[in-house]
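To start, the structure itself, in structure tokens.
The values are calculated or read from the model by the stated rules, or taken from the named source; none is laboratory data. Please read all numbers here as calculations on a predicted model, not as lab measurements. Note: accessible area is taken over every heavy atom of the protein model, side chains too, but ligands, DNA and RNA are not part of it. Shrake-Rupley method; radii C 1.70, N 1.55, O 1.52, S 1.80 Å.
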Amino acid sequence: MIRRVTQSDREKFIELSESFYHSPAVDHDIPHAYHEDLFDELMRSDEYADAYMLEVDGKSVGFALTAKSYSREAGGKVLWLEELFVLEEYRSHGLGKECFDHIEKYARENGFTRVRLEVEEENVRARALYDRLGYKPLAYMQMLKEYRKD
């Protein structure tokens with residue numbers, strides 16, 4: 001089951017989020033405060049981001065985080081799948097596909113023109129899922145400039 005994160009999910013969501021950032025799917029850790037700040041923003045508004053809990057038999061076993069932007073190149077709103085994490089023992093049971101079905105339905109029903117994601121090149125398992133679902137690699141190199149200092 002996929003459902004939107006609620007205030008009562010705070011502890012579990014932050015726990016799963018920290019597990020994601022300690023997994024091979026991510027190339028660096030982030031400060032604990034960033035997890036808390038994200039949760040607070042999710043509870044404040046859905047203007048920039050949404051999060052979903054992935055559940056099996058009432059147990060939270062993963063989460064997905066989406067962010068919203070606008071792209072002239074895409075001709076409208078873009079929904080970014082920022083993070084998708086499923087506990088190891090619950091992988092390869094269809095949760096990823098179910099999550100994508102949920103997110104893509106939301107995108108279509110809410111006027112998004114594109115769903116975009118990032119994946120570590122070494123994350124072969126995730127890349128195989130994304131490929132099966134019709135996602136294609138972009139030829140862009142991404143760059144950034146950081147301002148937040150902790």
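So with the 1.4 Å probe, I'd like the accessible area per residue for the chain, rounded to whole Å². Don't jump to the answer; show the numbers that get you there.
Details: 9720 Å² over 150 residues.
Heavy-atom SASA per residue in the chain reads 65 Å².
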Original post:
Carbon-plus-sulfur fraction of the accessible area of segment 81-144, 1.4 Å probe, in percent?
Top reply: 50 percent
Original post:
Ordered by residue, what ³J(HN,Hα) values in Hz, to whole numbers, does segment 35-41 give under the Karplus form 6.51 cos²θ - 1.76 cosθ + 1.60, where θ = phi - 60° and Gly and Pro are x?
Top reply: 5, 5, 4, 4, 4, 4, 5
Original post:
Taking one equal scatterer on every alpha-carbon of segment 1-110, how large is log10 of I(q)/I(0) by Debye at q = 0.11, 0.15, 0.17 1/Å?
Top reply: -0.35, -0.65, -0.84
Original post:
Got a sec to turn the phi values of segment 43-51 into Karplus ³J(HN,Hα) couplings, 6.51 cos²θ - 1.76 cosθ + 1.60 with θ = phi - 60°, whole Hz, x for Gly and Pro?
Top reply: 6, 5, 6, 9, 4, 10, 8, 9, 9
Original post:
Based on the alpha carbon coordinates of segment 63-108, what radius of gyration and maximum Cα-Cα distance (Dmax) apply, in Å?
Top reply: 12.6, 40
Subject >> Residues whose placed amide H lies under 5 Å from that of Leu117, excluding near-sequence neighbours >> reply: Leu81
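Too long at a 25 Å Cα-Cα cut-off: which of Lys97/Lys145; Lys68/Lys97; Lys77/Lys105; Lys12/Lys97; Lys77/Lys145; Lys12/Lys77?
On the way: Lys97/Lys145 33 Å; Lys68/Lys97 21 Å; Lys77/Lys105 14 Å; Lys12/Lys97 22 Å; Lys77/Lys145 23 Å; Lys12/Lys77 30 Å.
Long pairs (Cα-Cα over 25 Å): Lys97/Lys145; Lys12/Lys77.
Considering only protein heavy atoms and a probe of 1.4 Å, how much of the accessible area of segment 1-62 is carbon and sulfur, as a whole percent?
Details: 1700 of 3370 Å².
Whole-percent figure for carbon plus sulfur exposure: 50.
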